[in-house]
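Data block below; observations after.
Just so it is clear, none of the values below were taken in a lab; they were calculated from the coordinates. What you see is a predicted model; the values in this text were computed from it and never measured. Glycine gets a Cβ as well: all are built from the backbone with ideal geometry, and neighbour counts include every protein chain shown.
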Amino acid sequence: DSIQIEIVEAVESTNSLLLQRVIDQGASAGRLKQVLVTELQTQGRGRRGRTWVSGLGDSLVFSVLWPSQCAVNTLSGLSLAVGVAIVRALTLFGIRNIALKWPNDVLSGYNKLAGVLIELHGDMLSPGTVIIGIGLNLRLSNVTKSQIDQKVTDVASVAGQMPDRNRLLAILLKELAKMLDTFEQHGFEPFVEEWERHHAYQDKAVQISFPDGAVKNGIAIGIVPDGALQINTPTGIVQLRSGEVSLRGL
Ligand code: BTN
């Protein structure tokens with residue numbers, strides 16, 4: 001199984017470029033795993049219409065094009081499995097105490113270390129092409145930090161030194177490829193326990209916000225195999241499939 005890696009100096013968004021290729025070239029663009037890495041992303045996109053801010057050299061920015069054999073409607077847990085693959089890679093790289101925030105933020109000490117944006121091309125019932133975009137903070141400049149309205153950290157701060165980017169990318173790609181093979185055969189189920197072990201809010205009091213704006217308080221009790229977050233609320237157990245979760249009091 002081969003992976004083709006392309007490195008470009010600057011691009012608006014690695015996810016957008018891969019997505020555009022799939023749209024332009026159809027299935028032929030998605031015959032093998034492709035990786036697009038960039039030094040500088042000028043219009044990085046985050047989840048829910050947010051932006052991903054990153055200056056030159058600040059972060060590891062890349063997207064993986066995965067010609068999945070999975071029907072699009074079976075991919076709901078994929079973004080969580082990507083989080084597990086990132087935790088595994090960082091652990092192999094010697095970085096411990098990494099936590100996951102549903103659905104797919106990677107944290108260190110409640111500060112965001114990496115974000116994941118998954119985009120799909122295809123219809124619900126047939127195999128779809130998946131684009132997995134990852135931004136991993138390496139060493140954020142003060143300019144970048146001042147533009148981000150969240151608590152963030154970077155690998156250099158957590159590890160105490162600037163990481164070898166190429167080595168880190170190689171480990172990440174290997175773990176992602178392994179994860180995708182497992183996911184393709186068994187879905188998210190084999191990753192549930194590991195995800196919960198790293199869950200930043202496991203058994204903690206949280207506030208959940210539904211897409212329609214409704215808000216509920218409860219205790220985060222875990223994840224179900226389709227990737228929904230389970231919250232024990234005063235009115236019963238709620239499964240969150242889209243929306244946001246935050247630690248109560250933060
Ligand atoms: C988030 O935290 O909301 C997700 C951030 C995802 C950022 C990555 S960087 C590479 C890829 N290309 C993009 O435009 N976004 C993703």
Practice problem: Name the shape class, rounded, prolate or oblate, that the alpha-carbon gyration tensor gives for segment 205-247, where a ≥ b ≥ c are the square roots of its eigenvalues, rounded holds for a/c under 1.5, and otherwise prolate holds if a/b is larger than b/c and oblate otherwise. | Solution: oblate
Quiz item: If each of ASP24 and ALA170 carries a label point 7 Å out from its Cα toward its Cβ, how far apart are those two points in nm?
Solution: 3.1 nm
Practice problem: Taking 7 Å along the Cα-to-C-beta vector as the label spot, tell me the ASN111-SER242 distance in nanometres, rounded to one decimal. | Solution: 3.3 nm
Quiz item: Among the lysines in segment 3-197, how many pairs, 8 or more places apart or on different chains, have alpha carbons under 23 Å apart?
Solution: 10
Quiz item: Using a Gaussian network for the chain with springs between C-alpha atoms less than 10 Å apart, which of these wobbles most: THR235, THR51, THR129?
Solution: THR235
Quiz item: Taking R0 as 35 Å, what's the FRET efficiency between ALA205 and ILE148 from their Cβ-Cβ distance, rounded to 0.05?
Solution: 0.85
Exercise. Among PHE183, ALA85, ILE237, flag the residue with its Cα farthest along the positive direction of the charge dipole of the chain, charges on Cβ as +1 for Lys/Arg and -1 for Asp/Glu.
Key: ILE237
Quiz item: Which residue, chosen from ASN111, ALA159, GLY128, occupies the Cα position most advanced towards the positive end of the dipole of segment 99-174, where the dipole is computed from +1 (Lys, Arg) and -1 (Asp, Glu) charges on Cβ about the Cα centre?
Solution: ALA159
Quiz item: According to a simple spin-label model (label point 7 Å from Cα along Cα-to-Cβ), what is the distance in nm between LEU92 and ALA177?
Solution: 1.0 nm
Quiz prompt | In range of the label at VAL215: residues from segment 94-133 whose backbone nitrogen is under 14 Å from the point 7 Å along Cα→Cβ | solution = none
Quiz item: Rounded if a/c is under 1.5, else prolate if a/b beats b/c, else oblate: with a ≥ b ≥ c from the C-alpha gyration tensor eigenvalues square-rooted, which is the chain?
Solution: oblate
